[in-house]
Amino acid sequence: MEQLANINPEAAQYVTDAGIERWARAYSPRNRYNIMSTNIAEAMNNAIKESALKLTTQLTTAVDVAICVQVDETRYMRIYPITFYTFLVKDEGLDGTVDLTTKTCTCKEFDVNQIPCAHALACIWLRRFSFDDYCSPYYSSAFLVAAYIREIHPLKQPSEWLVLEDIASKIVYPPVGRRGPGRPKNNRTPSFGEEVTQKSCTTCHRVGHNSHTCTYPDVK
């Protein structure tokens with residue numbers, strides 16, 4: 001009872017007011033015949049089975065989904081603890097050195113996005129820490145609700161707007177750009193640490209060229 005009072009005083013007071021004979025079998029005045037039934041537990045499990053399968057965090061749904069996707073990637077990583085809070089994570093693509101105290105990783109994804117990267121998630125899972133503690137509070141549901149807590153009034157018609165004269169007289173032109181020499185690139189520039197898929201030849205099965213530019217003999 002002391003442990004319950006420390007966790008939730010209101011729940012402890014509710015149980016105390018209900019009477020110990022109502023929830024403690026040892027103090028029940030009725031004859032229980034020492035029969036232990038799991039009907040109540042099974043009914044409770046059936047009531048919460050859909051919610052139990054969902055990830056319960058204080059983060060928004062989009063961040064929860066992103067974390068779940070990256071947690072699935074950690075299955076193939078090897079973790080080598082350096083200290084209790086620092087780790088070397090071996091990945092097939094890009095290795096990372098994680099420091100949970102400073103919330104950083106050498107892949108820089110943890111530093112920039114303020115959400116644990118796959119390397120950091122592997123370390124957090126190893127230590128059985130909470131993912132919420134390593135995400136920026138701006139990704140929490142509380143911050144999302146706070147953004148819309150104040151009322152939002154609709155704007156008036158543009159003809160009724162009160163615009164200062166020095167602002168209304170200014171004309172904003174598009175930026176002056178100079179087209180570079182040569183043909184423009186069709187493919188985007190890959191991000192840092194992103195794996196670039198190499199083309200392979202369907203004739204000789206080597207990488208770096210395709211079947212049209214293959215100079216190797218046919219492989220049978």
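Throughout, read-outs are computed from the coordinates displayed, never taken from laboratory work. Keep in mind that this is a model prediction, so the values were computed, not measured. Heads up, the Cβs are rebuilt from the backbone with ideal geometry, glycines too, and the neighbour counts pull from every protein chain shown.
Worth pointing out:
- Of the options [x] 392; [y] 142; [z] 162, only one is volume of the Cα convex hull per residue in Å³ as computed from these coordinates, and that is [x].
- Using 0.36 nm per residue and subtracting the Cα-Cα separation, the extra length available between C204 and T102 on full extension is 31.9 nm.
- With R₀ set to 45 Å, the beta-carbon distance separating E21 from D132 gives a calculated FRET efficiency near 0.65.
- Descending by average beta-carbon neighbour count within 10 Å, the peptides 22-28, 57-63 line up as 57-63, 22-28, the highest first.
- Scanning the chain for long hydrophobic helices, with DSSP H runs required to stretch 15 angstrom or more by C-alpha along their axis and to average at least -0.5 on the Kyte-Doolittle scale, returns 39-52, 61-73.
- Choice from I167, I67, I115 with maximal GNM fluctuation in the chain (Cα, 10 Å cutoff): I167
- Remark: the S211-W125 segment gains 26.5 nm on full extension, using 0.36 nm per residue and subtracting the alpha carbon distance.
- Within the listed set I79, I20, I48, the Gaussian network model of the chain (springs between alpha-carbon atoms below 10 Å) gives the highest mean-square fluctuation for I20.
- About the Cα centre, charge dipole magnitude for the stretch 105-210 (Lys/Arg +1, Asp/Glu -1 at Cβ), debye: 760 debye
- Length released on extending from N8 to K49, taking residue separation times 0.36 nm less the Cα-Cα span: 12.3 nm
- Mean residue ellipticity, 222 nm, helices only, the chain: the sum of -39500 (n - 2.57) across DSSP H runs of n ≥ 4, divided by residue count and rounded to 500, is -9000 deg cm²/dmol.
- Packing-based ranking, highest mean first, of 140-147, 195-202, 84-91 given that Cβ atoms within 10 Å are counted: 84-91, 140-147, 195-202
- Peptide packing: for 210-216, 153-159, the average count of neighbouring Cβ atoms within 10 Å per residue gives the ranking 210-216, 153-159, highest mean first.
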